[in-house]
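The values are calculated or read from the model by the stated rules, or taken from the named source; none is laboratory data. Remember, predicted model here, so these are calculated numbers, not experimental data. Every residue, glycine among them, receives a Cβ derived from its backbone with ideal geometry; neighbour counts consider all protein chains shown.
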Amino acid sequence: MGKLKILIIDDNILESSPLIVHLKLSFKDADIILRRKANEGLHYVLDNLNSKIIVLLDYDLGRGEMNGTEILSKIREKSSLVYIIIVTAKMVESIPQKDLMTYINKDAMAFADKTISLEEKVKLVKKAIHSLDVRVDCMLEEWILNKPDSEIKKPYLSTSTGETYTLYDVLSEIRQSSDFGKKMERNILLLAIDLLTRQKKQLDNE
């Protein structure tokens with residue numbers, strides 16, 4: 001945990017491609033991963049749901065492969081938190097309406113033309129990183145990493161049914177969008193709002 005992963009799922013890109021090189025130079029603290037097959041890319045995402053991950057997902061991965069829309073849908077079945085940028089060489093007008101509706105309903109975070117410059121693609125990734133930085137799970141992870149190992153590994157909370165969770169368990173549940181994780185994310189946000197409004201009242205009284 002902790003290290004950002006930038007995954008490119010694209011059948012027309014090689015490890016030596018300018019995009020890969022540019023991303024490695026621009027984001028030296030991140031893992032830059034390439035997968036050229038749909039299933040390999042999908043499995044990588046599903047195996048790394050506990051990580052901060054940004055996916056540059058090609059719309060058309062070739063004959064016999066799932067397209068970007070299908071991969072997006074399968075990822076969203078498991079997590080709503082993976083940041084996905086759909087990349088395509090097609091004109092928007094030529095993309096089937098049902099696919100466009102899927103991007104809206106399944107929360108594709110951005111849509112990029114393959115012909116945009118490397119600098120513009122880097123800007124999209126930087127925007128994605130900012131979105132990750134202010135997200136509940138990533139803020140929780142940052143907080144956890146500042147705790148001593150002894151505190152991280154011990155049970156942090158328990159449920160009415162007797163289940164116990166460490167801090168990392170809570171983070172994992174949030175990232176995998178489980179029912180428990182969704183409840184925890186909501187509770188954290190409500191607590192943050194409560195603390196913010198309490199602080200505002202104190203500031204107003206000064």
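Return the residues of the range 10-40 that are farther than 14 Å from VAL87 by Cβ, in a loop (DSSP other than H, G, I, E, B) and touching a residue at least 60 places away in the same chain (Cβ under 8 Å); say none if nothing qualifies.
Answer for the range 10-40, where residues must be farther than 14 Å from VAL87 by Cβ, in a loop (DSSP other than H, G, I, E, B) and touching a residue at least 60 places away in the same chain (Cβ under 8 Å): just PHE27.
Any residue at all in the range 161-173 that is closer than 30 Å to VAL87 by Cβ, not assigned by TED's automatic domain parsing to the domain that holds LEU46 and not in a strand (DSSP E or B)? Let's see the steps before the verdict.
Step one: of the range 161-173, the residues closer than 30 Å to VAL87 by Cβ are 171-172.
Still in the running and not assigned by TED's automatic domain parsing to the domain that holds LEU46: 171-172.
Those still in the list that are not in a strand (DSSP E or B) too: 171-172.
Looking for residues that are closer than 30 Å to VAL87 by Cβ, not assigned by TED's automatic domain parsing to the domain that holds LEU46 and not in a strand (DSSP E or B), one finds at least one in the range 161-173, hence yes.
Here's a check for you: in the range 127-155, which residue that is in a helix (DSSP H, G or I) and without any contact (Cβ under 8 Å) to a residue 12 or more places away in the chain is surrounded by the most Cβ atoms within 10 Å (Cβ to Cβ)? Quick ask: steps written out before the conclusion?
So the first thing to find is which residues in the range 127-155 are in a helix (DSSP H, G or I), and the list is 127-133, 136-145, 149-153.
This time we only want the ones that are without any contact (Cβ under 8 Å) to a residue 12 or more places away in the chain, so: 130, 133, 139, 142-143, 149-150.
Numbers: HIS130: 10, ASP133: 12, MET139: 14, GLU142: 11, TRP143: 11, ASP149: 7, SER150: 7.
Going through the qualifying residues, I end up with MET139.
Counting only residues that are closer than 22 Å to ILE174 by Cβ and either at pLDDT below 75 or of a type in the set (Ser, Thr, Tyr) (or both), how many does the range 82-109 have?
Result for the range 82-109: 6.
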